[in-house]
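Worksheet: the structure to be examined is printed underneath.
Every read-out reported here was derived from the displayed coordinates using simple, explicitly stated rules and does not represent laboratory data. Keep in mind the model is a prediction, meaning the values are calculated, not measured. Glycine gets a Cβ as well: all are built from the backbone with ideal geometry, and neighbour counts include every protein chain shown.
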Amino acid sequence: MGRDLILKMRKNKTNEYQSFLQGKRQLAGEFGFDPVFMPDSAFPFQRDLIEWAVIKGRAALFADCGMGKTLMQLAWAKNVAIKTGGKVLILTPLAVSHQTVAEAHKFGIDAERSNEGEINSQIVVTNYERLHHFNPDDFCGVVCDESSILKNFDGAIKSSVTEFMRTRKYRLLCTATAAPNDFIELGTSSEALGHLGFMDMIGRFFKKTDQTFSRKQETMSGTYRLKPHASKDFWRWVCSWARAVRKPSDLGYEDGKFKLPKLITQQHLVKAKTINPEFLFEMPAVGLAEQRNELSRTINERCEMVAEIAGNSNRPFVCWVNRNAEGDLIEKLISDSKQVSGSDSDEFKESAFNEFEKGNIRVLITKPTIAGFGLNWQHCRNQTFFPSHSFEQFYQAIRRSWRFGQTKPVTIDVISTEGQSRVLSNLKRKSESAESMFSELVSMMNNELKIEKTNKHKQNEQIPSWL
């Protein structure tokens, strides 16, 4: 009797473990198909990307701000919905769902916004924060708009998005550009799409290092470094499931209207009225503790500079802050301003962003982590910015205004202190690194496209009988 009980317990544990593995297993196979729908209004380069993503079935589009990611993901979703007869869910950052639905209606695509899990259209659009209202079994495909925003969410939301996507047959990730040399993001994107897993990517292309960053190794990310001999293979692998484009000429087309206006970055240095008691004169902040101390000591001076720039103007302004105290003070100093903070409700945030877009709020004060993704604010060409070490936040924030469709020069006033010189140099280094990474990705992508076109051409040629 005891032996039978032991065997039964072992069998139960085996079944539990098999169930656990089944839950973690990716849905294997290739699921792409030839497009059955193509919007007439799509530019030729957009048609190429839509066709490739539909044929791939599970893909990532790294397309720069204003390149039409919304139209491309809507077209991809409609292809999946028509082909399968099922539903597709599009996840967007806060307040971007309104823009997505408006774009869909403009192009004659059936899509509606849903807040509480109701399925009211072929293509359902909702915010990441509302995903818990939906059942993955109701959808055959899912789109993550501005997918790089996921790292700004807490673990629960990131996990729920990953689990939601894991067993969906069709998957699409869209973002402007991955963070410079952020291999972790590329790895998690691949895993989310059901391609090479993150740890498999690390084992194949990377080696571990004790350093977190080395100026001699611009390919550093965390505690892993890309193997020098594996660089070409790594980018070829990325190109197998992702397409990157900053402008149409990256795909061999004329840029035409896709030319950005001038970007004017102006640096303003403010001096602290109080000197750091540890030094006889002002010194660059070295560690994070010193940087935080300096930011606290200069909060009045920095916010007064923002008020002087934005408050004495009649133009729309976005004032990017990093701390609630900074936002509170600027809101007091500028009478016609409105602050959106993390503690505000989702409804308040969406309402404020929409009012700013309509022109009912002149000065919007918020953080890059709250409003730095997906929103289109071409009506605003002036921003103030408190720098941090995050290049992606800086890039995404200024791209709310400096994007294709903007017709006037965009001015970014960066307010910093003398002690923040290391922060600014770090941003410059990351900017150069990002440009290098994206150029390499585009170059490798173009090489792969040439190979694909050559192979297709050869396949269409008459094969000699002796072969």
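For this structure, a couple of remarks:
- Extension gain, ILE157 to ARG315: 0.36 nm times the residue separation minus the Cα-Cα distance gives 53.2 nm.
- Lysine pairs in segment 263-420 whose alpha-carbon atoms fall under 26 angstrom of each other, counting only those eight or more residues apart or on distinct chains, come to 16.
- Burial ordering of GLU294, GLU392, GLU350, fewest other beta-carbon atoms within 10 Å first: GLU350, GLU294, GLU392
- Segment 263-420: relative contact order in percent, alpha carbon pairs under 8 Å with at least 6 residues between: 35
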